[in-house]
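Everything below concerns the one structure shown next.
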Amino acid sequence: MDLDKTYIRPQPYSRPLRDIARILEERTSDAEALEQLRIFLIRSGIPVKEPRRSDGE
């Protein structure tokens, strides 16, 4: 995704975006944050594919 080509509408009071920011701020690892974001999106009704495994699984 090229953020320079994507229109991002300012939404400083959006609760979902503030929740995402909190997940990123409170992360202890990138893997944990990605998993929490995936769960958040699924619970919000946005389908997310399982992450691809690079370890051959």
Reported set for the stretch 1-17 where residues are open to solvent by 100 Å² or more (accessible area, probe 1.4 Å) and closer than 23 Å to ARG43 by Cβ is MET1, ILE8, ARG9, TYR13, ARG15
Scanning the stretch 36-57 residue by residue, those part of a helix (DSSP H, G or I) and surrounded by fewer than 11 Cβ atoms within 10 Å (Cβ to Cβ) turn out to be ARG43
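Output the residues belonging to the stretch 18-35 that are in a loop (DSSP other than H, G, I, E, B) and exposed (fewer than 14 other Cβ atoms within 10 Å of the Cβ).
Selection gives GLU26, THR28, SER29.
The values are calculated or read from the model by the stated rules, or taken from the named source; none is laboratory data. Predicted, not measured: the structure shown is a model, and the values here were computed from it. When we count neighbours, we look across all protein chains shown, and the Cβ atoms used for this are built from the backbone with ideal geometry, even at glycine. These area figures cover heavy atoms from the full protein model, side chains too; ligands, DNA and RNA do not enter into them. Shrake-Rupley method; radii C 1.70, N 1.55, O 1.52, S 1.80 Å.
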